[in-house]
Each structure stands twice: as C-alpha cells, then as structure tokens.
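Have a look at the structure below, then the notes.
Laboratory data are not the source of any read-out in this text; all were calculated from the coordinates shown. This structure is a prediction, so every number in the text was calculated from the model and none was measured. Every residue, glycine as well, gets a Cβ built from its backbone with ideal geometry; the counts of neighbours run over all protein chains shown.
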C-alpha cells in the first residue's frame, strides 16, 4: 500500500510527495522537478514583496496631480490625492520592477508615490528688500559723477533710465527696459518706497506724464542721472523733486 505525504509550501503551493511507486503515473523524478519549480516560484514572490526600503531625505514637488498609495503599486489602495505643485518630503525609497517609489508625508498622511510624477525641489530663498535695496545703492554709488549723456546706458555716460537699467542688471536683480514709461509698466506700483525701489517723476509739479526715473536711496534721497551727472539729491518735502513725484515702482 502506498503512503501519501502532504507538504504545504510557504507561498501556498501544495506539493504531493509519493512513497513507494507512483500515483497517476507520475515518476519520483518528475515530482522532484515540480518541487524545485514550486520552490523557485515561492522565492521569487518573497523577493518582490520584501524589496528593500532605503532611507532618504529628499524634497519633491508634484509635476502633476497624483495618488498616494498604501504600497508600491499602482493597484494599491489610494490614501489621498496630491495636487499639482504639492511639496512633500520623502523618508524612504523602494525600487520595484525597476520603478522607484518614495514614501512621503502629505497633509498628515503617509504613503507611497511613484517617481514618474515628481521632481526634486529646492526652495529658493527670498532676498529681503533691505538686502536687495542696499546692494542696488552700493552698485549705483560706484558711478557717482559719471556724466549725464542723452541715450547713454554705460559707465561712460548715462541718461536717467539708462542708469537705472544698468544698475539693476549689474546688481543681479533683473532687466529693465531703457525707457522711463516702460520701466513704470515693468514694476509693481507701491505707495511707500523701500530702498532700491524706483521713483518716477514728471517734468513739472503735479504732472501725470513720466519723464524721469531714479533709485530711492532712503532718508528722502534719490540716486539718479540728472542735471549733468549721476548724483544723490533730496526728495524731501520742499525740495525741487518732491512735487514732481508721480509714483514708485518695485521690481
């Protein structure tokens, strides 16, 4: 009488081993081969499910709307949807079937997101108005005494908008057109100027037509190309320039 022995393999595969003789015409060699295949199959399943998570500390920004999942699979349960532009910090990374996944935290929830829909994010530090303004005045003051030249935009000679345009570019704070009206349009209107903001003037008191521009230097002074050279002048009440001020602009 043949003796039957049953053995359960970890992944749920059932292998039947026979004693003396064969059941249903299956040889012992065939059974051994089947057992080997089942074992290898089981090992493969284990390898996938236990993909190693590597600890990371990287900040990402969502390139598009995407789902955070409970596991590293597009079929895994959705935890929450991240909006485009959402910034998240990753704590772990897994590579599954050559695809990278990151474990992140978003709105108090933790889960996995695919690398396909994210990009590395570095926050740009905003330069304070004081730092920006001081640098602009520092750069501009290097050209004190440079002669006023109509249409000039170089250290050999400046007109008013040529000077402001040159200083802003030299200081690294953007490009301004070489025209007073265009500079007004390129800047944000402010009611009270910070150091480094532009001051726009009219030719006569109360005029609404911009004909001149300079850089506010603080303490009721303007740094500009006016008269016959680049110079500081007062914009305090009672000064020549005060009643000619039309407005202020910040870039």
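Odds and ends about this structure:
- Sorted ascending by nearby beta carbons within 10 Å, beginning with the fewest, 198, 82, 251 become 251, 82, 198.
- Relative to the current alpha-carbon distance between residue 219 and residue 207, full extension at 0.36 nm per residue lengthens the span by 1.9 nm.
- Compactness relative to 2.2 N^0.38 Å, alpha carbon Rg of segment 98-251: 1.43
- For segment 202-244, averaging the sequence separation of C-alpha pairs within contact (under 8 Å, six or more residues apart) and dividing by the residue count gives a relative contact order of 32 percent.
- Two-site FRET efficiency, residue 117 against residue 92, from Cβ-Cβ distance with R₀ of 25 Å, rounded to 0.05: 0.90
- Contact order, relative form, for segment 54-120: 38 percent (alpha carbon pairs under 8 Å, 6 or more residues apart, mean separation divided by residue count).
- For segment 161-251, the relative contact order is 31 percent, taking Cα pairs closer than 8 Å that sit 6 or more residues apart in sequence and dividing their mean separation by the residue count.
- Summarising the label geometry, the points placed 7 Å from Cα in the beta-carbon direction at residue 63 and residue 149 lie 4.9 nm from one another.
- Computed lengthening from residue 100 to residue 169, 0.36 nm per intervening residue step minus Cα-Cα distance: 20.6 nm
- Gain in span if fully extended, residue 52 to residue 188, counting 0.36 nm per residue against the direct Cα distance: 43.8 nm
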